[in-house]
Amino acid sequence: MHEHVFVLNEEIRLNYPGDWDEEARVADAAAKLNALRARGCDTIVDPTVIGLGRDIRRIREVARRTEINIVVATGLYTYDDVPFYFRFRGRHSESGADPMTTMFVADITDGIAGTGVKAAFLKCAIEDQGLTPGVERVLRAVAGAHAETGAPITVHTHPGSESGLDAMRVLAEEGADLSRVVMGHSGDATDLDYLARLADAGCLLGMDRFGLNALLPFEQRVDTVAELARRGYADRMVLSHDAACYIDWFRPEQIGAFAPDWHFGHLFDDVLPALLERGVTQAQIETMLVATPRRYFCGPAGA
Ligand SMILES: [Zn+2]
């Protein structure tokens, strides 16, 4: 429910390509996704949007070479300000509409950049900087596109500063259906009160950074999911790694050193067995991996 094919700064890549090899990178991504397909995974949900280097043509080429379905997103990823492109647009507009909303809606209804490939959900972020004016603008634009299209929302949150609560308040103010909102990176938290506040309001918890044990150790990640399941929240959680086939935030050897388990196989190799050991049932795992994602995308009627 939260994996990336590519996370890139496209402007850096274009100007400082280094040893970037388009064909090799696309082939590598397809191979990694095919390996995941062989584990029985049919679909990944990829919240790569503006700010993370979305290139829909590259994704389409990867998709052509794998049987995995790649569900793509629209939205904007920033922790503070909006890109300069948006800084002066949308001010003093006659309709009062934010052009960002119009762009997101078009990605969902018409398709992205003339490809006909439609985004199925919306992505925004709120980190420990909190609700800056830029972040608030993106949250409200995302909520506007959600209201117009019914597409669900994934928010990158920072549980350490409880930023999910601010996101929830703003989205609720805009009339968002919180049962169609994933509070991403909730799995970085062990604070059950914080997590229950989000879940009790209807939000889904993204327990979605398995393998990033430098942020929270494996044992604490699985213990938290197991305890929430025991308390009746299995239908409010989704599981994932937030891993990427390729991410330029780190040198490849860095990832091997600080997060050796941060890859698409970790859930199947380590996480699911550890959850079963802790009393999570196969039915609850099925709920987290299949039924809840279906409800998130389709709404109650599709569940
Ligand atoms: Zn992510």
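The values are calculated or read from the model by the stated rules, or taken from the named source; none is laboratory data. Only a predicted model underlies this, so the values are computations on that prediction, with no experimental measurement involved. Please note: Cβ atoms are built from the backbone with ideal geometry, for glycine as well, and neighbour counts cover all protein chains shown. The accessibility values were calculated without ligands, DNA or RNA, using every heavy atom of the protein model including side chains. Shrake-Rupley method; radii C 1.70, N 1.55, O 1.52, S 1.80 Å.
Quick notes
- Farthest positive-ward along the stretch 85-203 dipole, Cα basis, beta-carbon charges - from THR132, ALA143, PHE104: PHE104
- Shape annotation for the chain: C-alpha extents along the principal axes are 58, 46, 36 Å, from largest to smallest.
- Rough spin-label spacing in nm, given labels placed 7 Å along Cα→Cβ, for ASP200 and GLU61: 5.0
- Gained length - GLU219 relative to TYR16, 0.36 nm times residue gap less alpha-carbon distance: 69.1 nm
- Helix-derived mean residue ellipticity, 222 nm - over the chain, DSSP H n ≥ 4, -39500 (n - 2.57), to 500: -11500 deg cm²/dmol
- Three-way shape label, the stretch 16-69, alpha-carbon gyration tensor, a/c 1.5: oblate
- For THR78, the amide hydrogen comes within under 5 Å of the amide hydrogens of ALA125, counting only partners 5 or more places away or on other chains and with H modelled in the peptide plane.
- About its Cα centre, the dipole of the chain is roughly 700 debye, where the only charges are +1 on Lys and Arg Cβ and -1 on Asp and Glu Cβ.
- Lys, Arg +1 and Asp, Glu -1 on Cβ, resulting dipole of the stretch 21-134 about Cα centre, debye, nearest 20: 300
- The chain: most fluctuating residue of GLU174, GLU136, GLU148 per GNM, C-alpha cutoff 10 Å: GLU148
- Ordering of 9-22, 278-291, 96-109 by packing [mean C-beta count within 10 Å, highest first]: 96-109, 278-291, 9-22
- In Å², nearest 10: area of SER240 left accessible to a 1.4 Å probe: 0
- Within a Gaussian network of the chain (alpha carbon springs, distance under 10 Å), most fluctuating of ALA24, ALA151, ALA229: ALA24
- Structure remark: mean-square fluctuation, Gaussian network model of the chain, C-alpha springs under 10 Å; the largest value among HIS266, HIS158, HIS146 belongs to HIS266.
- Within the accessible area of the stretch 210-303 (1.4 Å probe), percent carbon and sulfur: 54
- Each of GLU286 and THR102 was given a label point 7 Å from its Cα along the Cα-to-Cβ line. The distance between the two points is 4.7 nm.
- For the stretch 158-241, the Cβ-based charge dipole about the Cα centre amounts to some 200 debye (Lys, Arg positive; Asp, Glu negative; other atoms uncharged).
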